[in-house]
1. For segment 46-70, enumerate the residues that are more than 25 Å from G126 (Cβ to Cβ) and free of Cβ contacts under 8 Å to residues at least 24 places away in the same chain.
2. All but one of (1) touching a residue at least 40 places away in the same chain (Cβ under 8 Å); (2) part of a helix (DSSP H, G or I); (3) over 18 Å from A175 (Cβ atoms); (4) within 15 Å of the chain's Cα centre (by Cα) hold for V38; which doesn't?
3. Between A147, A200, A195, which is under 22 Å from A101 (Cβ atoms) and more than 17 Å from the chain's Cα centre (by Cα)?
4. Testing A179 on (1) within 20 Å of the chain's Cα centre (by Cα); (2) assigned to a helix (DSSP H, G or I); (3) in contact (Cβ under 8 Å) with a residue 24 or more places away in the chain, one condition comes back false. Which one is that?
5. List, please: which pairs have Cβ atoms under 8 Å, are six or more places apart or on different chains, and start with a residue in segment 112-134 that is part of a loop (DSSP other than H, G, I, E, B) and end with one that is of a type in the set (A, V, I, L, M, F, W, C)?
6. Please give the number of the condition V184 fails out of (1) surrounded by fewer than 13 Cβ atoms within 10 Å (Cβ to Cβ); (2) in contact with a Leu (Cβ under 9 Å, 6 or more places away or on another chain); (3) among the aliphatic types (A, V, I, L, M).
7. Out of all the residues in segment 107-122, which are surrounded by fewer than 16 Cβ atoms within 10 Å (Cβ to Cβ) and on the phi < 0 side of the Ramachandran plot?
8. When you scan segment 86-109, do you find a residue that is within 20 Å of the chain's Cα centre (by Cα), within 20 Å of P151 (Cα to Cα), part of a loop (DSSP other than H, G, I, E, B) and touching a residue at least 60 places away in the same chain (Cβ under 8 Å), even just one?
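Any read-out appearing in this document is the output of simple, stated calculations on the displayed coordinates, not a laboratory observation. In this text, all values refer to a predicted model and were calculated from it rather than measured experimentally. Note: ideal-geometry Cβ built from the backbone for every residue, glycine included; neighbour counts use all protein chains shown.
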Amino acid sequence: RLNYDGDLFKLQRGFTLRFDTYRKQLPIYLATLNPKSVKMTAEISDGWLPIMIPMDRLKEEIDQVNDWVRDAGKDPADFTIRAPGGVTVANSPEDQARARAGQAGTLAFYCARMGEFYYRQLSRQGYEDEANAARLAWKDGGGGAAAQSIPGEMLEQFGFVGTTEECVERLEQEADAGALLHSVNVMEPDPNEFAKILEALKG
């Protein structure tokens, strides 16, 4: 049954589940960006879902969050952090090109068409010039021009596209930085090959 006794809501209703639940308590993860919100996330939640953090700064950011978790009297081992960038397995040059084009379009959209929130995040992470260039390109030439303005180095920092082996290495780097959860997309239509790729990614 749904039983909840909170400060604002008190719920005693629902239906009985006829199976054992995976866990007795549902974890609450927060997706936050600015430093004050991230600190609050470390203090009150069970995990953090970051976005727009470059790979070369991920360990530094996670170390800071884990310090805040400790300051709140909690154990970082009980606090879950997801890697902020997606990893796309693409084993053909054509799939890799499509994946990178999509990634560039997404980054350009966040730079130019999502207000100030993500723009400020990118600026905090050292990519203000690139974000400004994408905004200007969008203004002058639309989304396609903005996507083309995104440098390849920026694409690899905020996401990753590669072969199965290259993606395994990237996932290991994310794990070494302190991330426990990972976002992975596999561009493979054949079910048998798809299963083999998943096994390789699991390690």
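1. Answer for segment 46-70, where residues must be more than 25 Å from G126 (Cβ to Cβ) and free of Cβ contacts under 8 Å to residues at least 24 places away in the same chain: just R70.
2. That leaves (1) as the condition not met.
3. On the way: A200 fails: under 22 Å from A101 (Cβ atoms); A195 fails: under 22 Å from A101 (Cβ atoms).
Answer to the selection: A147.
4. (2)
5. Between residues of segment 112-134 that are part of a loop (DSSP other than H, G, I, E, B) and residues that are of a type in the set (A, V, I, L, M, F, W, C), the close pairs are R113/W138; Q125/M52; Q125/I53; Y127/M154.
6. (1)
7. Within segment 107-122, R113, M114, E116, F117, R120 qualify.
8. yes
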